Amino acid sequence: MSHFEWRDGRLHADDIPVEAIAEAVGTPTYIYSATAIRAAFHRLHTAFAPLDAELHYALKASPNLHLVRLMRELGAGADVVSGGELERAWLAGTPMSEIVFAGVGKSEEEVRAALDGRFSPLAAAAARFGAPDPAGRGPVGLFNVESESELGRLSRIAAELAVRARYCLRVNPNVDPHTHEYTTTGKEENKFGIDADRIVDLVERWVGRPGLDFRGLHLHIGSPVPRVEPYAEAVAVAFELIDELARRGHQVTVLNLGGGWPIPYTEGSVPPLEAYAERLVPLLAGRVARGLKVLLEPGRSILGNSGLLLARVEHVKRGRAKTFVICDGGMHSLIRPALYRAFHFAWPARWQGPPPRWVEEPDLPGLERCDLVGPICETGDFLARGRLLPPVEQGDLIAVFSAGAYGISMSSNYNDHGRPAEVLVDGSRVIQINARQRLDVLLETEREAVELTVPVVS
Ligand SMILES: Cc1ncc(COP(=O)(O)O)c(C=O)c1O
């Protein structure tokens, strides 16, 4: 299930014992395997190859510049949901034309920078990152527009800058992706996308308006989507719209299926990616042959099982009701268990037994039921609850698996902890791709108070 395995009782990432990484950079630390990333990318790419689908890596999964560069080397474009992610994608070498920009709340400043590099917030700093002057870099490949209000903003700014903004409308197909309610995005009560029955009217009313160039439709129904059928249902909604638009003379050339392609957090818990492709390829192949371009925006399916969080045990506390294994990593490093009650398989980095199975209740002798928690002053701060683990003691390392996506990107400074370090292992090479966040860096923006002059209305 993963490129992390125990050899001679020590957990390795590719060829490197994770203990050695903890020794070098401390904990908590995210460790990614470049081999695993390449394998996951190729797997998805191969599955959807019959559609010649373009893969746009969703930076929100794990936005580290070096990881985005790796994606670029593999041939990915980028899917971004903020001006910050956009700049990262561009700094990592993604041409603007291969960036798609989604998100319900794109600000004036973000839209401006996405259309014209002179407005990049990095205009003065790009050289420090080895990037050229962003002025003249051109507009993003596609905006995924999520409301009529946004369309108005896009048209106005594009016209003002004398550019044309290529865009897709994000359709809310009102399908149930059967995932956590917080990561369900394709039902009509969710804030994302535009109701399907409003799309045709919107296209008709906005076609020909200044600065706009309508290209197609975008779908992203949730993440992770543990069943195949919701994608097929969403595609059916898109097909109806595409056909109706064609009847009215509006050609759709792009269909973006979004992300959400799942990973097994436990063995066999979701269908393999190939099952999604097997269902969708026959649906789409005919239209692709007639010129429809299919885009995917994978994040989790590439990074999720390519990374782990390594944490060190600070204390073991045996209480009357429970045993707590208290680590230096917690909800501030990996929030998914606290936020979604997500299951992440966790196991000590030193383990002499047979390879543990990624199951909720491992069937091995000598395990102890415990809560794996962090140092944060919240009862909701846990990485695992009621989990069977081999006995551990102070100083032991614990690997929390499937943490490569939505790990570091959702980490926080809560309780004034610096965000974890990040290390990329590539065969026998170990590359620190992010330093542990230092307290003085955290404090920098508070160092001096600045008195503001604001009009006071009495
Ligand atoms: C618009 C959009 N595209 C792509 C993704 C990536 O999803 P995943 O990481 O599940 O592939 C997301 C994540 O929620 C998203 O909001």
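The values are calculated or read from the model by the stated rules, or taken from the named source; none is laboratory data. All figures in this text were calculated on a predicted structure; none of them were measured in a lab. Here the Cβ is made from the backbone with ideal geometry for all residues, glycine too, and neighbour counts use every protein chain on show. Surface accessibility is based on the protein's heavy atoms, side chains included, excluding ligands, DNA and RNA. Shrake-Rupley method; radii C 1.70, N 1.55, O 1.52, S 1.80 Å.
Numbers below:
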{"item": "Phi to ³J(HN,Hα) by Karplus 6.51 cos²θ - 1.76 cosθ + 1.60 over the stretch 156-163, Hz, x for Gly, Pro", "result": "4, 6, 4, 5, 4, 8, 6, 10"}
{"item": "Note, ³J(HN,Hα) from phi for the stretch 313-330, Karplus 6.51, -1.76, 1.60, rounded to Hz, x at Gly and Pro", "result": "6, 8, 8, 10, 10, 9, x, 5, 8, 8, 9, 10, 9, 9, 10, 7, x, x"}
{"item": "Lys, Arg +1 and Asp, Glu -1 on Cβ, resulting dipole of the chain about Cα centre, debye, nearest 20", "result": "400"}
{"item": "Extreme residue, positive dipole direction of the stretch 160-268, given options LEU245, VAL175, PHE214 (C-beta unit charges)", "result": "PHE214"}
{"item": "Rounded to 10°, Cα long-axis angle of helix 229-247 versus longest principal axis of the chain", "result": "10"}
{"item": "Selected from HIS315, ASN413, GLY75, residue furthest toward positive end of dipole (the chain; charges at beta carbon)", "result": "GLY75"}
{"item": "Amide H within-cut-off set for ASN172, under 5 Å, with H built and near neighbours excluded", "result": "ILE194, ASP195, ALA196"}
{"item": "Estimated vicinal HN-Hα couplings, Hz - the stretch 445-458 in sequence order (Karplus 6.51, -1.76, 1.60; Gly, Pro = x)", "result": "6, 9, 4, 10, 7, 10, 6, 9, 9, 10, x, 9, 9, 9"}
{"item": "Using a Förster distance of 35 Å, the FRET efficiency for GLU23-HIS180 (Cβ separation, nearest 0.05)", "result": "0.45"}
{"item": "Separation between Cα centres of the stretch 271-320 and the stretch 1-54, rounded to whole Å", "result": "14"}
{"item": "Per residue value of the accessible surface for the chain (all protein chains in place, 1.4 Å probe), Å²", "result": "44"}
{"item": "20 Å binning of all Cα-Cα separations within the chain, expressed as whole percents from 0 upward", "result": "24, 53, 22, 1"}
{"item": "Apportionment of accessible area to carbon and sulfur, the stretch 1-112, percent (1.4 Å)", "result": "48"}
{"item": "Cα-based Rg / Dmax (Å) for the stretch 16-115", "result": "15.8, 47"}
{"item": "Rounded to the nearest 20 debye, dipole of the stretch 302-458 from Cβ charges on Lys, Arg, Asp, Glu", "result": "560"}
{"item": "Contact order relative to length of the stretch 9-145, as percent, for alpha carbon pairs under 8 angstrom and 6 or more apart", "result": "17"}
